[in-house]
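The values are calculated or read from the model by the stated rules, or taken from the named source; none is laboratory data. The shown structure was predicted, so the numbers you read here are calculated from the model rather than taken from an experiment. Heads up, the Cβs are rebuilt from the backbone with ideal geometry, glycines too, and the neighbour counts pull from every protein chain shown.
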Amino acid sequence: MGKCKFNTNCVESPLSKGLSKLGYVVGKYPWVFLILPMVISAGLGAGFYFLEDREANDIEEQFTPINGPAKAERIFIKEHFPQSKDFSSLRLHTEGTYASFIAIHKEDNIINNNAFRHIVNLDNEVQKIQTVGSKQTFAGLCAKKNGTCASNSIVGILNEDIKKGIQFPWHGNEFLGSVLGGVQNDSKGVVTSASAIRIFYYLQEDKKNETNQWLKMFIQLMSNQTNKDIAFSYFTSLSRAEEFEKSSDTVIPLFSITYVLAINISIISCMRLDCVRNKVWVATFGVLSAGLAVLSSFGLLLLCGVPFVMTVASSPFLILGIGVDDMFIMISCWQRTKVKDKVEKRMAETYEEAAVSITITTLTDVLAFYIGLMTPFGSVQSFCMYTSTAILFCYIYNITFFGAFLALNGRREGSNRHWFTCKKVERAEGGKKGNACSVGGAYDPVTGAEEEMPINIFFKTYYGPFITNSCTKVFVVVLYAGYLASSIYFCFQMQEGIDLKNLAPDDSYVASYYDNEDRYFSKYGPFVMLVIRDDNFQYWEERARENLTICLKEFESSDRVAKNMITSWLDAYEQHANNIGINFADEKQFMETLPQFLELSGFKEDVNISQGKIRTSRIFIPTANISTAIDEKEMLNFFRQTASTCGYKMDLLVYHPAFIFYDQYAVIVSNTIQNIVFATAVMLVISLLLIPNPLCSLWVTFAIASVIVGVAGFMALWDVNLDSISMINLVICIGFSVDFSAHISYAFVSSEKKTANTKAIDALHNLGYPIIQGAVSTLAGVVVLSAAESYIFRTFFKIMFLVISFGAVHGIMFIPVFLTFFGCCSDANSEDDKDQRSGSGNGSTMHKMMQFPISELSQGGERNHGIMSYYIWQQAFKSESTPSPWTTDPDVP
């Protein structure tokens with residue numbers, strides 16, 4: 001088979017040589033490279049002193065698009081409709097400063113005498129809350145209208161008119177749709193019963209310190225409310241931010257569990273029965289290296305003033321997984337070097353192979369996260385900045401700090417000292433086995449390398465030949481087709497947007513309030529402002545008003561809009577003009593009478609008049625049936641689209657404070673796709689430069705796309721929405737899917753075997769176990785997050801579980817099989833010739849090992865497994881003929 005014509009090792013080759021020289025230097029001066037990273041980490045770790053100052057947990061700032069349309073719309077509303085002294089919740093350009101509670105009768109009517117009396121008493125208790133120091137009560141802090149508190153009109157209405165009959169949803173000029181829930185009406189629209197009452201307490205926004213103190217005391221009062229017949233839920237304008245910050249507290253205890261698990265699994269997977277070759281301390285320092293990377297990177301960014309968002313708290317789990325994965329790769333390459341060589345030479349050979357592989361994955365991971373900085377969500381940007389920087393430090397410390405300890409451990413092994421006591425022990429000679437106590441230092445007398453572990457032999461003798469068998473390949477292709485088809489199907493079932501209650505811990509009072517709000521008060525949603533910002537609009541002309549009426553009817557045609565409830569100053573003014581006999585079509589009379597009407601009617605804030613001309617005005621459109629994220633998305637899209645189609649005749653704008661959060665629906669899909677496409681393209685370029693074969697680089701890129709599709713599809717199956725939280729994890733997806741596929745692809749291309757099948761077996765033999773080690777240790781690092789009391793961290797676990805599982809399956813099953821389909825990835829040079837020249841462990845003897853007839857050890861052609869496999873491997877060196885039934889090498893007779 002001819003050598004591939006297109007080879008891109010012009011970058012890989014010098015990089016490999018350069019890293020080989022670095023390995024030699026690290027092996028020669030290990031103490032320098034061990035101590036220096038610790039000193040740097042100690043210095044940069046001082047940045048954690050500023051952690052509290054750098055915390056940025058403003059939900060609007062971090063979880064809404066930075067340049068979302070609603071934020072520009074809010075600026076316009078604030079400039080053209082400034083807040084007046086008379087408070088109106090309908091006209092707020094923000095959510096305002098407020099407290100609220102919902103009272104729900106468990107079995108009966110909430111407005112019966114007993115239940116209502118309890119609510120009135122509770123309302124009195126709330127209004128008596130006094131702040132510490134200034135002794136301010138609600139009466140002194142409340143938002144006022146006409147000199148009196150503007151809140152709690154429902155209490156007065158129920159007190160005065162319950163016997164006369166209360167109309168719903170409008171009772172006179174009061175809208176009750178947002179304060180009475182689960183309402184039953186008679187034929188005349190009179191309320192006969194209600195399941196829930198919601199009471200608001202709006203406060204002045206210019207007394208922040210005092211109002212914040214009052215709100216906290218309100219929460220304390222409501223948390224102690226109990227009643228056998230009435231259930232209470234409560235909320236304040238501070239609640240989301242405060243409960244969001246508490247989410248991070250729920251995950252802090254899990255960090256210790258994670259590190260204990262990672263250390264134990266790493267140690268167990270690196271343990272050897274040989275008391276000299278044992279890698280217990282190597283594994284421990286590999287985990288420590290990842291910890292130093294987190295300390296250094298986070299400390300550096302905190303010193304630089306980079307905001308620390310709560311989502312960053314999941315980054316250390318990721319860094320631990322990446323660091324441990326790279327550690328296993330380096331240990332695997334170290335074990336294939338000759339034990340009799342000097343440590344410097346062994347380190348050079350280790351770096352020449354392993355460091356290139358982890359350089360590829362580090363570059364792809366870092367660039368994937370830096371591309372994530374393009375997203376318009378502050379939480380994603382902060383996470384990507386901290387994580388990408390930590391991955392860089394993790395790489396640097398792996399090839400310095402961890403490499404230095406690997407060299408020191410190599411010196412200990414070279415002098416045949418016990419792994420724990422460091423005392424010299426009896427040397428195991430030739431093929432003799434070492435043990436855990438007094439005899440150690442065994443090595444393979446043929447290859448000169450450390451004895452292989454049984455799992456490596458399994459990959460070479462059993463799994464590799466099995467997976468490259470023709471029948472198995474057919475099965476793998478069919479399995480992959482099913483995986484891909486189901487993933488694509490579920491991708492179209494994915495929901496978008498983050499439910500704000502998910503930002504709080506599971507047991508938070510916020511979740512209860514949101515649930516009750518959706519259950520009892522979703523029939524009528526917020527009143528959306530429809531702003532006419534065309535200062536040339538002729539309000540007095542009949543044709544102009546007809547156009548506006550047609551536009552309003554388009555809005556009312558939707559199920560998302562409540563019928564016959566639009567609040568319009570223009571309609572009220574027209575009716576007033578007809579009553580007093582004003583010629584409404586006359587511009588002069590229209591403008592002269594308007595200011596007086598606005599002052600008396602309460603619509604003064606809805607019309608901006610400057611220099612005798614109406615600059616802007618607004619009308620309020622009530623929404624309906626908004627209870628889910630899908631409803632919010634559809635409502636937002638409908639309002640904006642309808643405003644744009646009407647806008648060819650008039651310049652219209654729609655706005656509500658909630659649109660700030662709804663804006664995520666407009667950008668989440670496009671930005672996720674943009675990040676994935678950009679990152680995948682960068683991955684392809686890096687793979688082309690560092691993996692010395694273009695076709696195999698394309699397979700790496702293919703693996704990225706395949707894993708992302710799988711994760712996205714199964715996200716929907718696992719009830720994970722596409723939002724800014726899962727967007728972070730999809731960026732992670734790119735990095736981890738590269739890790740597994742790049743390691744295998746690089747090993748495949750670098751293999752000196754002759755055929756595609758034997759290259760795949762060789763790659764699995766060398767890296768199958770490190771991939772399993774990395775996958776298991778990473779999953780162990782994140783599995784504890786499944787117990788977190790926070791949606792954010794549970795989502796991180798779910799997606800990481802999918803990423804690691806699918807990535808590992810691609811690495812040890814799909815990619816090796818697909819690589820064998822392209823002979824261009826094979827090398828023409830004879831492996832035996834190369835092995836004889838290099839003296840490596842990949843020579844003809846190892847080739848003969850693959851050909852040993854494992855069937856000879858059993859009768860009737862049945863294959864023995866278990867403890868016999870190791871004997872088979874040893875005896876393979878004595879065999880000169882009869883290939884294995886699993887062999888796929890066409891050159892074997």
Could you pull out the residue among 105, 118 that is over 30 Å from residue 302 (Cβ atoms), modelled with pLDDT under 90 and surrounded by fewer than 19 Cβ atoms within 10 Å (Cβ to Cβ)? 118
One residue is enough: does the stretch 41-49 have a residue meeting the conditions under 30 Å from residue 232 (Cβ atoms) and within 33 Å of the chain's Cα centre (by Cα)? no
Would a scan of the stretch 485-496 turn up a residue that is surrounded by fewer than 18 Cβ atoms within 10 Å (Cβ to Cβ) and of a type in the set (Val, Ile, Thr)? yes
Picking from 555, 584, the residue that is touching a strand residue (DSSP E or B) at 6+ places or on another chain (Cβ under 9 Å), over 28 Å from residue 146 (Cβ atoms), assigned by TED's automatic domain parsing to the domain that holds residue 652 and not in a strand (DSSP E or B) would be 555
Inspect all residues belonging to the stretch 239-252 and state whether any of them is closer than 26 Å to residue 148 by Cβ and surrounded by 19 or more Cβ atoms within 10 Å (Cβ to Cβ). no
Name every residue in the stretch 702-712 that is within 15 Å of the chain's Cα centre (by Cα) and either part of a strand (DSSP E or B) or in contact (Cβ under 8 Å) with a residue 40 or more places away in the chain (or both), in order of residue number. 711, 712
Single condition residue 448 does not satisfy, out of (1) on the phi > 0 side of the Ramachandran plot; (2) crowded, with 19+ Cβ neighbours inside 10 Å: (2)
Report whether or not residue 734 is buried (at least 24 other Cβ atoms within 10 Å of the Cβ), more than 16 Å from residue 686 (Cβ to Cβ), at pLDDT below 85 and within 31 Å of the chain's Cα centre (by Cα). no
Filter result (surrounded by 23 or more Cβ atoms within 10 Å (Cβ to Cβ) and of a type outside the set (Asp, Glu)) within the stretch 344-354: 346, 347, 348, 350, 351, 354
Can you tell me how many residues in the stretch 118-153 are charged (D, E, K, R) and touching a Ser or Thr at 6+ places or on another chain (Cβ under 8 Å)? 2
Please state which one of 638, 659, 590, 620 is over 30 Å from residue 515 (Cβ atoms), in contact (Cβ under 8 Å) with a residue 12 or more places away in the chain and either of a type in the set (A, V, I, L, M, F, W, C) or touching a Phe, Trp or Tyr at 6+ places or on another chain (Cβ under 9 Å) (or both). 590
Hits in the stretch 271-284 - residues which are part of a helix (DSSP H, G or I) and either crowded, with 22+ Cβ neighbours inside 10 Å or not assigned by TED's automatic domain parsing to the domain that holds residue 417 (or both): 282, 283
The one condition residue 520 fails out of (1) crowded, with 17+ Cβ neighbours inside 10 Å; (2) under 30 Å from residue 717 (Cα atoms); (3) touching a helix residue (DSSP H, G or I) at 6+ places or on another chain (Cβ under 6 Å) is (3)
What are the residues in the stretch 53-93 that are closer than 28 Å to residue 502 by Cβ, surrounded by fewer than 18 Cβ atoms within 10 Å (Cβ to Cβ) and acidic (Asp, Glu), if any? 53, 55, 58, 60, 61
Which of the residues spanning the stretch 470-505 are of a type in the set (D, E, K, R) and assigned to a helix (DSSP H, G or I)? 473, 501
Answer yes or no: is there a residue in the stretch 675-697 that is within 26 Å of residue 490 (Cβ to Cβ), surrounded by fewer than 22 Cβ atoms within 10 Å (Cβ to Cβ), outside the structural domain of residue 530 (by TED's automatic domain parsing) and in contact (Cβ under 8 Å) with a residue 60 or more places away in the chain. yes
Of all residues in the stretch 196-220, which are at pLDDT below 90 and either under 27 Å from residue 523 (Cα atoms) or not polar (S, T, N, Q) (or both)? 205, 206, 207, 208
How many residues, within the stretch 577-613, are closer than 20 Å to residue 643 by Cα and of a type in the set (A, V, I, L, M, F, W, C)? 1
Taking the stated definitions as given, is residue 400 more than 26 Å from the chain's Cα centre (by Cα), modelled with pLDDT of 85 or more, farther than 24 Å from residue 261 by Cα and outside the structural domain of residue 779 (by TED's automatic domain parsing)? yes
